[in-house]
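Notes for the one structure printed next.
The values are calculated or read from the model by the stated rules, or taken from the named source; none is laboratory data. It should be emphasised that the depicted structure is a prediction, and the values quoted were computed from it without experimental measurement. Cβ placement follows ideal geometry from the backbone for every residue including glycine, while neighbour counts extend to all protein chains displayed. Heads up: the accessible areas ignore ligands, DNA and RNA and are worked out on the full protein's heavy atoms, side chains in. Shrake-Rupley method; radii C 1.70, N 1.55, O 1.52, S 1.80 Å.
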Amino acid sequence: MSQNLEYWACRGRMLDKEIRVHTPKKKLWHIVIVLAVCTILAIPSGADNAASGILDSQTFLMKNMTPAGPPAAASAAAVEKLLGQMTLKEKIGQMTQLEIGMVTDGMDQSIRINSEKLHKAVAEYGVGSILNVHDEALSAEKWHEIIRAIQAEAKKSRLQIPVLYGIDTIHGPNYIVGGTLFPQPLAMAATWNPELMLRGSQIAAAETRKAGIPWTFSPVLDAGRQPLWARLWETFGEDTYLATVMGVATVRGYEGSDLSSPVSVSASLKHYVGYSYPTTGGDRTPALIPENTLREYFLPTFAAAVKAGAHTVMVNSGEVNGIPGHANGYLLKDVLRGQLGLQGFVVSDWMDIKKLVGVHHVAANEKEATRVAVLAGIDMSMVPSDYSFSDLLLQLAQEGKVPTSRIDEAVRRILTVKYQMGLFDDPLRGMDSKTAIGSPESRQASLEAARESITLLKNDNHTLPLAKTAHILVTGPDADSLIPLNNGWSYTWQGDRASAYPKDHATILKAIQEKIGAANVTYVPGTTYNKEVDIAKAAEAASKADAVVICLGEWAYAETPGNIPDLTLPDAQLFLALKIMETKKPVVLVLTEGRPRVISRIAEPAKAIVMAYNPGNEGGQALADILFGDVNPSGKLPITYPRSPDRLFTYDHKTFEGENGGENKAMAAPQFEFGSGLSYTTFSYSDLRVAPATASGNQNVRVDVALKNTGGRAGKEVVQLYLNEHFASVTLPLKRLKRFAKVSLQPGESSQLTFELTRDDLSFIGADNKSIVEPGVFDVRIGGLQQTFEWK
């Protein structure tokens with residue numbers, strides 16, 4: 001172990017030196033991003049934990065940072081030879097991505113290849129990539145039919161360059177009928193279990209590649225720090241470190257150790273960068289993010305995933321500080337390539353080059369927008385519904401307005417990734433693999449993920465678990481549908497087509513009926529998402545029940561259609577809960593939602609509150625297992641749950657007046673804290689030790705803590721290590737998560753955990769946008785315990 005630690009430490013120093021050599025002095029502060037990656041690599045954490053079978057977050061990262069092979073150098077000669085044979089039009093074709101409707105007729109299950117359209121796209125234009133569905137998930141057999149036809153047409157072209165097909169595999173192969181759907185990413189973050197994230201991503205990759213598709217537009221590495229944002233549920237939550245760990249797990253799961261494997265797909269990191277922090281909360285609206293904030297909270301997730309070998313990156317559809325993502329050469333070239341070290345290619349998002357004209361108004365026409373985007377660093381254009389990009393870029397190149405060297409650069413990157421995927425050897429790779437789509441084993445993995453994600457937020461007087469002999473009223477708009485269990489990117493873009501969902505998965509209602517018997521369950525819908533239906537009937541039924549499970553939350557949505565002006569839960573749902581609470585029967589709130597809808601009016605009278613997020617197709621069973629005690633909940637919030645729609649802040653916010661006392665204290669407190677989550681057992685922390693008491697230079701700080709299950713049943717606890725410095729030259733967060741580990745303990749069992757912190761863990765982005773470590777006193781906090789050490 002010590003040899004490995006020395007290697008990583010040396011590697012961190014080598015990277016630092018390399019960047020200093022190759023970075024102009026006036027941009028020396030750019031090394032902070034590389035140093036952020038070194039932090040991830042260099043921290044020696046968890047030697048003792050590994051010996052005890054506990055895999056802490058940092059050990060997991062160290063194990064999974066090796067990029068997938070084959071290396072780009074393996075195909076460099078072949079790429080250059082092919083590039084030398086290509087005409088200008090063929091090169092530009094490789095930079096062009098079209099949607100499936102450009103080569104097909106029909107939609108949904110009746111979709112079919114149009115040979116004339118396909119010939120135009122592949123033979124005449126030499127299109128390099130095709131994407132999407134129209135509009136519904138397809139069977140593996142239908143995918144095989146489509147992909148075979150596309151690759152057969154490519155085989156007939158002059159240079160026989162395979163077409164790269166891409167799809168949004170967001171929470172499993174959600175565009176493949178029968179595919180294993182997992183909890184959405186925010187729910188996966190709530191497991192605080194990167195091994196589950198790794199396994200889920202491996203299954204998603206294998207099932208996607210089984211359909212003949214080698215590329216997914218995932219993961220979303222945008223920091224989920226704006227709870228109003230319609231895509232919060234696609235993120236790994238608000239904390240940079242937690243999102244970094246889960247993001248690396250996703251990349252490793254998708255790409256494996258060999259990208260050309262029949263069970264691997266290429267990841268696409270999105271949406272680089274700052275897309276998730278719109279000032280208004282509305283999707284695709286402007287963000288204002290100071291440079292130091294961008295580097296502290298938004299870039300590290302991308303930096304780590306690039307270091308882990310991710311092969312493609314998708315660009316922010318919005319704008320940051322007045323510059324659209326697709327026109328931001330500084331972020332795309334200087335930072336993404338020069339500092340983070342991306343070797344693969346950059347793809348635009350849907351229609352976003354055109355939007356430089358009609359939305360952002362930074363280009364007078366589409367031709368100028370095309371020039372701006374390509375020179376800014378866009379390698380592949382997702383202007384998918386016409387050939388304007390190809391036509392306009394050809395004109396620009398012929399006029400000398402876009403250098404052919406820039407086109408060669410982009411095409412070289414695209415061809416290299418195609419070689420790395422093994423497409424030149426076998427463009428249909430994966431179709432004949434032994435992967436079984438939607439196997440019982442894969443469904444079990446999804447069920448385990450759902451169980452570990454569900455978060456118990458309140459449990460007064462041990463209301464949960466419910467007795468299986470009790471008579472239960474189940475009500476609420478989310479009780480009897482798979483739609484809110486999954487949300488968007490589920491069989492269709494919006495995920496709201498009930499007919500597309502499988503019939504062999506239980507809703508919450510059906511799962512409860514199966515658990516305790518239909519005779520013990522009464523069901524009254526009560527409301528739709530935002531309209532009253534039969535609240536009086538629900539209240540009457542509640543008066544006759546032993547307990548009530550109210551299933552509240554959101555319906556399905558994705559991207560801009562999910563924009564809302566207020567996080568408060570719709571009045572109809574709140575009124576349903578309040579009327580039932582008047583009966584004085586024990587009420588359990590089950591929240592299936594992609595963002596934290598404000599429930600302060602009903603949170604206090606509720607006896608128990610369960611946050612289910614969007615737990616996927618197995619979520620109904622997982623919830624029933626937890627509600628009735630067959631499974632002990634272990635999820636922890638990856639976000640701060642707000643008390644008011646006007647007080648939205650993250651756990652690692654800067655201090656503000658009135659927060660720690662006075663009449664504003666209650667107002668300042670969130671409904672539920674980041675990292676919180678209850679269990680049916682109890683845990684105690686003790687013996688927190690930090691050594692040495694004073695450290696400096698390259699010394700590591702060792703943190704030891706003991707954890708014991710003091711309750712009467714087995715359970716899992718997430719041990720969270722937070723750090724803060726007492727004083728600094730800029731205002732710092734109240735605390736920052738630096739390590740975590742999920743530990744399973746039997747009743748009475750104890751475990752000793754060890755973490756190590758390095759100098760980089762003490763760093764922050766200063767006023768000059770450089771990474772800095774300042775001498776001072778630091779607090780280490782774990783499980784209500786606190787110790788200090790001094791850094792000199």
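Quick look at the numbers
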item	result
Residues (in contact with a helix residue (DSSP H, G or I) (Cβ under 7 Å, 6 or more places away or on another chain) and open to solvent by less than 10 Å² (accessible area, probe 1.4 Å)) located in the stretch 598-607	ILE602
Neighbours by Cβ (under 6 Å, 6+ apart or cross-chain): first from the stretch 748-771, over 12 Å from ASN292 (Cβ atoms); second basic (Lys, Arg)	SER750/LYS708; PHE755/ARG739; GLU756/ARG702; ASP761/LYS738
Inter-residue pairs, beta-carbon under 8 Å, first surrounded by fewer than 24 Cβ atoms within 10 Å (Cβ to Cβ) and in the stretch 173-193, second charged (D, E, K, R) and part of a loop (DSSP other than H, G, I, E, B), 6+ apart	none
Residue list for the stretch 53-102, restricted to those being over 30 Å from GLY253 (Cβ atoms) and not charged (D, E, K, R)	ALA77, LEU82, LEU83, GLY84, GLN85, MET86, THR87, LEU88, ILE92, GLY93, GLY101, MET102
Cβ pairs under 8 Å, 6+ apart, first in the stretch 314-327 and on the phi > 0 side of the Ramachandran plot, second of a type in the set (A, V, I, L, M, F, W, C)	ASN321/ALA287; ASN321/LEU288; ASN321/ILE289
Qualifying residue in the stretch 128-145 (condition: at pLDDT 95 or above and over 22 Å from MET431 (Cβ atoms))	no
Residues within the stretch 238-273 that are within 15 Å of MET197 (Cβ to Cβ) and in a helix (DSSP H, G or I), tallied	15
Filter result for the condition that a residue is part of a strand (DSSP E or B) and at pLDDT 95 or above, over VAL417, VAL474, VAL411	VAL474
Selection from the stretch 435-447 of residues that are in a helix (DSSP H, G or I) and of a type outside the set (D, E, K, R)	PRO440, SER442, GLN444, ALA445, SER446, LEU447
Qualifying residues in the stretch 555-583 (those that are outside any loop (DSSP other than H, G, I, E, B), open to solvent by 20 Å² or more (accessible area, probe 1.4 Å) and in contact (Cβ under 8 Å) with a residue 60 or more places away in the chain) - the one farthest from TYR529 (Cα to Cα)	THR560
Single residue of the stretch 516-535 satisfying the filter (part of a loop (DSSP other than H, G, I, E, B) and not basic (Lys, Arg)) that is least open to solvent (accessible area, probe 1.4 Å)	GLY526
Residue in the stretch 381-396 that is assigned to a helix (DSSP H, G or I) and farther than 26 Å from TYR165 by Cβ present	yes
Qualifying positions in the stretch 349-369 - open to solvent by less than 10 Å² (accessible area, probe 1.4 Å) and under 18 Å from ARG413 (Cβ atoms)	ILE353
The stretch 477-487, residues that are aliphatic (A, V, I, L, M), open to solvent by less than 10 Å² (accessible area, probe 1.4 Å) and assigned to a loop (DSSP other than H, G, I, E, B)	ALA479
Matching entry among ILE167, ILE150 (being modelled with pLDDT of 95 or more, over 18 Å from MET380 (Cα atoms) and open to solvent by less than 30 Å² (accessible area, probe 1.4 Å))	ILE150
Qualifying residue in the stretch 364-375 (condition: part of a loop (DSSP other than H, G, I, E, B) and touching a residue at least 24 places away in the same chain (Cβ under 8 Å))	no
Number of the exception - SER490 against (1) in contact (Cβ under 8 Å) with a residue 60 or more places away in the chain; (2) open to solvent by 10 Å² or more (accessible area, probe 1.4 Å); (3) hydroxyl-bearing (Ser, Thr, Tyr)	(2)
Enumeration of residues in the stretch 448-471 that are open to solvent by less than 10 Å² (accessible area, probe 1.4 Å) and not in a loop (DSSP other than H, G, I, E, B)	ALA449, ALA450, SER453, THR455, LEU456
Identity of the residue in the stretch 283-309, out of contact with any Pro (no Cβ under 7 Å at 6 or more places or on another chain), open to solvent by 10 Å² or more (accessible area, probe 1.4 Å) and assigned to a loop (DSSP other than H, G, I, E, B), that ends up nearest to MET421 (Cα to Cα)	ARG284
LEU393 vs. criteria modelled with pLDDT of 95 or more, hydrophobic (A, V, I, L, M, F, W, C) and either within 19 Å of ILE92 (Cβ to Cβ) or under 27 Å from the mean Cα position of the chain (by Cα) (or both)	yes
Residues that are charged (D, E, K, R), in contact (Cβ under 8 Å) with a residue 12 or more places away in the chain and either part of a helix (DSSP H, G or I) or touching a strand residue (DSSP E or B) at 6+ places or on another chain (Cβ under 6 Å) (or both), drawn from the stretch 537-554	LYS537
Test set (1) open to solvent by less than 10 Å² (accessible area, probe 1.4 Å); (2) within 24 Å of ILE564 (Cα to Cα); (3) not basic (Lys, Arg) - THR280 fails condition number	(1)
Unique residue being of a type in the set (D, E, K, R) and open to solvent by 70 Å² or more (accessible area, probe 1.4 Å) when the list is GLU90, GLU124, GLU99	GLU124
Among (1) farther than 30 Å from ASP761 by Cβ; (2) in a loop (DSSP other than H, G, I, E, B); (3) modelled with pLDDT of 95 or more, the one test that GLU663 misses	(3)
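Quick grid of which residues meet (1) within 24 Å of VAL103 (Cβ to Cβ); (2) in contact with a Gly (Cβ under 8 Å, 6 or more places away or on another chain); (3) open to solvent by 60 Å² or more (accessible area, probe 1.4 Å):
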residue	(1), (2), (3)
LEU331	no, yes, no
GLN343	no, no, yes
ALA376	no, yes, no
LEU423	yes, no, no
ASP426	yes, no, no
